Amino acid sequence: RFLIDPVFSTSAAPVPFSNKAFDGANPYDAGDMPDIDYLLITHEHWDHLDYDSLKALEPKVTHAVVGLGLAAYLKHWGYPADKVHEADWQARVDAGAGVSIHVLPARHYSRRLMASNQTLWVGFALVSGERRMFFSGDSGYGSHFAEIGRAFGGFDLVALDTGQYNPRWAHIHMNPEEAVQAARELKAKVLVPAHVGKFAISNHPWTEPFQRLVAASSKQSVRLATPRIGEPLKFDALPNELNEWWAE
């Protein structure tokens, strides 16, 4: 079991009244989670590295894999040093049972309070003999997606930074059209939108990322999977029709 960037808090900021989650965007909390073999953290921003969630999850987590510099947070929050694995881009972690975790480049930045770019931002690939999955973390569009697609020979599923975009943020977040292009370059069979729907960080309408993603994917023949927030998605039983639940 892998858990990536869990944020069960109702806000993503140093103060609880700022950047509040939308109603319905928190169907689970840490108490609902089973034991976790590997906790993966992509970077240190509050909407990805959440103190309350990680504190509550620690007894359930066997291992954690994080980018360079992030281990200090987890250790300070009570994670034993031997539980936390810190890794650079292109590192490979053997997860056992024939599964490997690959720590991969992203195009973003880091800052938590005052210090900037003191820790690394990453994406992750999970690879077994049967499946290949890729999670971009927060990332602007760049040549790294095509390079990753070539290196791994494609993916069964990719979850890509799709929401909270802005023309001023072109280097650190993708818009929906760029996410579809990245999915093509990753040679993905299925694209799932990520970083969308929970917090309002940019100023676009809530439904716009989904609408633009549907339009762009239909033009590029990229298969979308759009589970409702909190809904399980099963590889062997993917729906044939797109569920545009946000229109409700």
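The values are calculated or read from the model by the stated rules, or taken from the named source; none is laboratory data. Owing to the predicted nature of the structure, the values given are computational and were not obtained by experimental measurement. Positions of Cβ are generated from backbone atoms using ideal geometry, with glycine treated the same way; all protein chains shown enter the neighbour counts. SASA here: full protein model, heavy atoms, side chains in, ligands and nucleic acids out. Shrake-Rupley method; radii C 1.70, N 1.55, O 1.52, S 1.80 Å.
Can you confirm whether region 169-177 contains a residue that is open to solvent by 30 Å² or more (accessible area, probe 1.4 Å) and among the small types (G, A, S)?
yes
Does A216 qualify as being aliphatic (A, V, I, L, M), crowded, with 24+ Cβ neighbours inside 10 Å, farther than 21 Å from N19 by Cα and over 15 Å from the mean Cα position of the chain (by Cα)? The answer is no for A216. Of all residues in region 5-24, those satisfying the criterion of being over 14 Å from G230 (Cα atoms) and open to solvent by 30 Å² or more (accessible area, probe 1.4 Å) are T10, P14, V15, P16, F17, S18, N19, K20. Residue pairs whose Cβ atoms lie under 7 Å apart, separated by 6 or more positions or on different chains, with the first residue in region 74-101 and among the β-branched types (V, I, T) and the second open to solvent by 30 Å² or more (accessible area, probe 1.4 Å) and outside any strand (DSSP E or B), are V84/K75; V99/S128.
The set of residues from region 105-125 being within 14 Å of V66 (Cα to Cα) and hydrophobic (A, V, I, L, M, F, W, C) comprises A106, L120, W121, V122, F124, A125.
Taking the criterion of being among the charged types (D, E, K, R) and at positive phi, no residue of region 134-169 qualifies.
The set of residues in region 221-235 being closer than 20 Å to A183 by Cα and open to solvent by 70 Å² or more (accessible area, probe 1.4 Å) consists of S221, R223, K234. The set of residues in region 219-248 being within 20 Å of the chain's Cα centre (by Cα), more than 25 Å from N26 (Cβ to Cβ) and outside any loop (DSSP other than H, G, I, E, B) consists of F235 alone. If the condition is being crowded, with 24+ Cβ neighbours inside 10 Å and touching a His at 6+ places or on another chain (Cβ under 9 Å), then region 183-207 contributes only H195.
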